[in-house]
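First comes the structure, then the notes that go with it.
The values are calculated or read from the model by the stated rules, or taken from the named source; none is laboratory data. Predicted model only: the values in this text are computed from it and were never measured. Ideal geometry is used to build each Cβ from the backbone, glycine not excepted, and the neighbour counts take in all protein chains shown.
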Amino acid sequence: MKFGLLVKKSRKAKVFSEKLINWLNKKRINSKVIVPESEDLRDLDVIVVIGGDGTLLYASRLLKGAKKPIIGINMGGLGFLTEIAPDEAFDSIECFLSNRCSISERMMCDVKLVRRGKLIKSACVLNDAVITKGNLARMIELETYVNDNFLSKYRADGLIVSTPTGSTAYVLSAGGPIITPDVDCVIICPICPHTLTHRPIVISSNSKIEVIIKSETDVYLTLDGQEGSPLLKNDKIVISKSNKKTYIVNSPYKNYFEILTNKLHWGER
């Protein structure tokens with residue numbers, strides 16, 4: 001078995017990665033730090049993310065749906081995806097090596113940018129596709145369809161189309177619902193809509209979502225918070241469930257609801 005370590009660019013993460021490599025070497029497990037720009041991940045069996053949720057999202061993008069488990073060790077902020085604390089890391093990896101950890105299969109979405117009938121960009125996201133205004137304060141207009149049926153014309157700061165995994169990311173900040181990762185659905189969530197009756201909606205993951213840009217300028221598409229593209233009037237964003245997945249090793253010490261309670265401080269005053 002060969003481990004690849006994707007390490008956040010921080011002193012703390014670097015020091016921890018060195019300890020982990022030494023520990024794995026003592027167990028006679030091959031391991032190395034991944035250099036994403038110049039490295040093929042096909043020879044790796046397991047990816048260990050040492051960083052925050054952004055680092056894990058980057059790992060998901062690098063894997064492109066390959067069935068390789070990701071062990072997320074939190075060296076970032078909240079850590080909804082990188083749910084294993086550093087002091088639990090070695091015991092958690094021991095549990096994984098002895099097949100005592102469950103693995104969560106996370107749904108992903110395919111996102112296509114179509115301009116004048118031509119495919120301009122395609123990608124696969126684990127969290128969300130976000131359409132937002134740029135630097136100007138004015139709202140943008142977006143026409144939205146679900147399975148070719150008109151849903152709404154939004155005048156808002158933007159629109160988030162999210163997987164259940166992404167429900168604890170931007171959608172949470174925008175007032176959307178938290179969806180457990182095992183629910184097969186997609187969330188459409190407006191950002192600061194002008195019409196206050198507009199609310200987030202949860203739809204089947206088998207739906208095809210189309211968003212048509214009706215504003216002239218200063219609109220952007222952002223994928224998993226990591227890659228952005230400027231949009232033009234009448235550009236179409238098409239979002240559907242992907243046949244790819246991301247495989248995340250669950251912490252053996254806490255379940256999803258315990259993570260929510262701890263991270264969001266539910267029940268505290």
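A few notes on this one:
- Total residues in region 134-145, condition at pLDDT 95 or above and surrounded by fewer than 18 Cβ atoms within 10 Å (Cβ to Cβ): 3
- Inter-residue pairs, beta-carbon under 7 Å, first in a loop (DSSP other than H, G, I, E, B) and in region 188-200, second crowded, with 17+ Cβ neighbours inside 10 Å and among the aliphatic types (A, V, I, L, M), 6+ apart: 192/156; 193/156; 194/139; 194/156; 200/187; 200/188
- The number of residues in region 242-269 that are in contact with a Lys or Arg (Cβ under 8 Å, 6 or more places away or on another chain), touching a residue at least 24 places away in the same chain (Cβ under 8 Å) and not β-branched (Val, Ile, Thr) comes to 4.
- Scanning region 79-132 for residues that are among the charged types (D, E, K, R), on the phi > 0 side of the Ramachandran plot and free of Cβ contacts under 8 Å to residues at least 40 places away in the same chain yields a count of 0.
- Residue in region 252-266 that is aromatic (Phe, Trp, Tyr) and under 14 Å from the mean Cα position of the chain (by Cα) present: no
- Just one of the listed residues (144, 132) is touching a Leu at 6+ places or on another chain (Cβ under 6 Å), in a strand (DSSP E or B) and of a type in the set (Ser, Thr, Tyr), namely 144.
- So residue 105, is it within 24 Å of residue 182 (Cβ to Cβ) and of a type in the set (D, E, K, R): yes
- Screening region 147-174 for residues that are part of a helix (DSSP H, G or I) and touching a Lys or Arg at 6+ places or on another chain (Cβ under 9 Å) and picking the one that is modelled with the lowest pLDDT gives 168.
- On the stretch given as region 122-144, residues that are within 23 Å of the chain's Cα centre (by Cα), under 20 Å from residue 216 (Cα atoms) and not hydrophobic (A, V, I, L, M, F, W, C) total 4.
- Pair list, Cβ under 7 Å, 6 or more apart: region 66-78 residue within 15 Å of residue 44 (Cβ to Cβ), other residue assigned to a loop (DSSP other than H, G, I, E, B): 68/44; 68/45
- Among the residues of region 203-242, the one identified as modelled with pLDDT of 95 or more, on the phi > 0 side of the Ramachandran plot and surrounded by fewer than 16 Cβ atoms within 10 Å (Cβ to Cβ) is 234.
- Close pairs from region 31-59: first more than 16 Å from residue 9 (Cα to Cα), partner β-branched (Val, Ile, Thr) and at pLDDT 95 or above, Cβ under 6 Å, at least 6 apart: 31/21; 47/70
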